[in-house]
Amino acid sequence: MRELLPYLINGISVGGQYALIAIGYTLVYGILRLINFAHGDVFMVAGLVMVYSTASLPFYIALPLVLIVTVVLGFTIERVAYKPLRSAPRMSVMISAIGVSYLIQNLSFYITGGVPQPVTNPIPWISENVSLLGASTKRVTLVTPALTILLVVALVYLINHTKIGMAMRAAAKDFETAQLMGIKINAVISMTFVIGSFLAAVGAMLYFTNYPSVAITSGGMPGLKAFVAAVFGGIGSIPGAVVGAFIIGLCEEIIKGLGYTTFSDAFTFALLIVVLCVKPTGLFGEKVTDKV
């Protein structure tokens, strides 16, 4: 058990990072019934902005800049790629999402030259090593779950106790009726992308603190695993996305601790297949019935 302790700690940390990305998927799907395939690339761009900004600017300017740039990117993607297709078939919107994903990757390739950008100036304090129960780890592994829970609580409060939150819940319940009742759907959807991008930026700053470099493909696997976490927990459910992310993060790290690192990624997707076969709506998903 003592040998597995560092992996358990890392699993909780990684799960928190996946949760921050997964919430973006589940928020967008809850309202638009759209899988935002570009979300993982938004996460990657946040990592690149962090690398460039922390290398040339003070941290008190660089870190807010990462959040602002990522939020603006998410807002722009929604306005340019998704808003004009609001009444189009879902397949068209899905193709647009895939196109945005490849566009971001190619633009990043042009800027970086395809070379992974080293994290030469990691965020102070959270990148320092600490000892916990005899196990050595970075402080970010302890900060991540606490910060994730804090942000999730703030998000749940926003959704349940604010006017924009009420509008988001109404749009998620019945998109067309919400429009007829005077809710400004475009503003609600834009706010959803802003929140998702903000959380992805926070997740990127925490995630890449543990990695030596950021590549244009760095958002691929975390984005996929966060999507799996959202589906596993019940896509459209914020608690489901968070619980699913923590379960996947813990399972992955435990498998690595047992010496089966090669199969850690495969386990994530195998787990998804099993869950979908047993409970297609996910752990917290509700069965949807179509009215006739």
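The values are calculated or read from the model by the stated rules, or taken from the named source; none is laboratory data. Computed from a predicted structure; not experimentally measured. Here Cβ is always computed from backbone atoms with ideal geometry, including for glycine, and neighbour counts include all displayed protein chains. To get the accessible areas, we keep the full protein, side chains included, count just its heavy atoms, and leave off ligands, DNA and RNA. Shrake-Rupley method; radii C 1.70, N 1.55, O 1.52, S 1.80 Å.
Points worth noting:
- Restricting attention to region 51-69, the residues that are part of a helix (DSSP H, G or I) and farther than 21 Å from Val115 by Cα add up to 10.
- Elements of the type helices (runs of 4 or more DSSP H) sitting completely within region 117-190 and holding at least 2 residues that are open to solvent by 30 Å² or more (accessible area, probe 1.4 Å) and farther than 25 Å from Ala241 by Cα: these cover 175-180.
- Close contacts from region 118-140, counting a first residue that is free of Cβ contacts under 8 Å to residues at least 12 places away in the same chain and a second that is exposed (fewer than 12 other Cβ atoms within 10 Å of the Cβ), with Cβ to Cβ under 6 Å and a gap of 6+ residues or different chains, come to Asn129/Ser136.
- You will find that of Val202, Val194, Val242, Val214, the residue that is over 14 Å from Gly15 (Cα atoms), open to solvent by 10 Å² or more (accessible area, probe 1.4 Å) and among the β-branched types (Val, Ile, Thr) is Val194 and no other.
- Across region 51-70, the number of residues qualifying as open to solvent by less than 30 Å² (accessible area, probe 1.4 Å) and either of a type in the set (A, V, I, L, M) or within 15 Å of Gly99 (Cα to Cα) (or both) comes to 3.
- Of the residues in region 199-208, not one is under 29 Å from Leu276 (Cβ atoms) and not in a helix (DSSP H, G or I).
- Some residue of region 27-42 being over 30 Å from Thr261 (Cβ atoms), charged (D, E, K, R), surrounded by 15 or more Cβ atoms within 10 Å (Cβ to Cβ) and touching a residue at least 60 places away in the same chain (Cβ under 8 Å): no
- No other residue among Phe227, Phe284 is open to solvent by 60 Å² or more (accessible area, probe 1.4 Å), of a type in the set (A, V, I, L, M, F, W, C) and within 23 Å of Pro145 (Cα to Cα) apart from Phe284.
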